Amino acid sequence: MRVEFRPAIASDVDALAALERELFESDRISRVSFRRLVRRSSAAIVVARSDAALAGYCLLLFRERTRVARLYSLAVAAAFAGIGLGRALLEQAEDVAARRGCGELRLEVRRDNLKARALYEKAGYTLFGQRDSYYSDGEAALRFRKALTPRRGRGDRQQAAELGTAR
C-alpha cells in the first residue's frame, strides 16, 4: 500500500476532525483547533494519505527558545491499522522535529494504551514521568522522551512510503 506524507493544509481540516471523532471518545482536537494549528508556525501536522483517504496524522508542538518538541497527537485510521503506519508517522514526527533543530521529542500517552506504549518503547523512547488524572476521564499519562540528532532543513517535504502488512 502506497502512503504519501505531507504537511497538512487547510483543506485537510475536516478529514482531521472526522478522524478524531472516529478514534477518540474524549480529549479530541476540535475542527477549530485543527484549523488554527495548520496555520501556526509553532505547530506541524503531517498527514498520511493513501489515494484520496486520510490514513493518519501526527501533530507536533514547538516552543521558542527550547530544543524540545512535543508529539501532541498521533492517529491512524482504523482501515489502515496494522500496516506499520503508526511507526512511519512517528518517524515523520522525529524527522520534522530534528529538521527544526530539536534535540529531544517528548510525548504523553494514556497509561492504559498498551499498543501505543509498545510502539514508543520499540522506537527507543524512555519513560521519564507520569501525570496523574491527565485525561478527562481521570486516566494518567505516562511521559516518554527520545533524544534526536538535530538536522538542517524545514522537515516538511513530501515523502512516499510503501507500507506492508504487519507481521
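The values are calculated or read from the model by the stated rules, or taken from the named source; none is laboratory data. Here the structure is a predicted model, which means the values were calculated and not measured. FYI the Cβ positions are ideal-geometry reconstructions off the backbone, even for glycines, and counts take in every protein chain you see.
Quick grid of which residues meet (1) within 14 Å of the chain's Cα centre (by Cα); (2) surrounded by 17 or more Cβ atoms within 10 Å (Cβ to Cβ); (3) modelled with pLDDT of 95 or more:
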| site | (1), (2), (3) |
| --- | --- |
| Ser11 | no, no, yes |
| Asp14 | no, no, yes |
| Ala18 | no, no, yes |
| Ser26 | no, no, no |
| Arg31 | no, no, yes |
| Val38 | yes, yes, yes |
task: For the range 59-87, enumerate the residues that are under 21 Å from Phe34 (Cα atoms) and among the small types (Gly, Ala, Ser).
output: Ala69, Ser73, Ala75, Ala77, Ala78, Gly86
message: I'd like to check something: does the range 42-53 contain any residue that is more than 23 Å from Leu105 (Cα to Cα), among the polar types (S, T, N, Q), surrounded by 15 or more Cβ atoms within 10 Å (Cβ to Cβ) and touching a residue at least 40 places away in the same chain (Cβ under 8 Å)?
response: yes
- request: For the range 70-77, state whether one or more residues are in contact with a strand residue (DSSP E or B) (Cβ under 9 Å, 6 or more places away or on another chain) and part of a helix (DSSP H, G or I).
  value: no
Members of the range 98-134 found to be part of a strand (DSSP E or B) and either touching a residue at least 60 places away in the same chain (Cβ under 8 Å) or among the hydroxyl-bearing types (Ser, Thr, Tyr) (or both), listed by number: Thr126
Top-ranked residue of the range 125-167 - restricted to ones that are modelled with pLDDT of 90 or more and touching a Gly at 6+ places or on another chain (Cβ under 7 Å), ranked as surrounded by the fewest Cβ atoms within 10 Å (Cβ to Cβ): Ala147
message: Of everything in the range 27-68, what is small (Gly, Ala, Ser), out of contact with any Leu (no Cβ under 9 Å at 6 or more places or on another chain) and not in a helix (DSSP H, G or I)? Give them in sequence order.
response: Ser30, Ser41, Ala52, Ala53
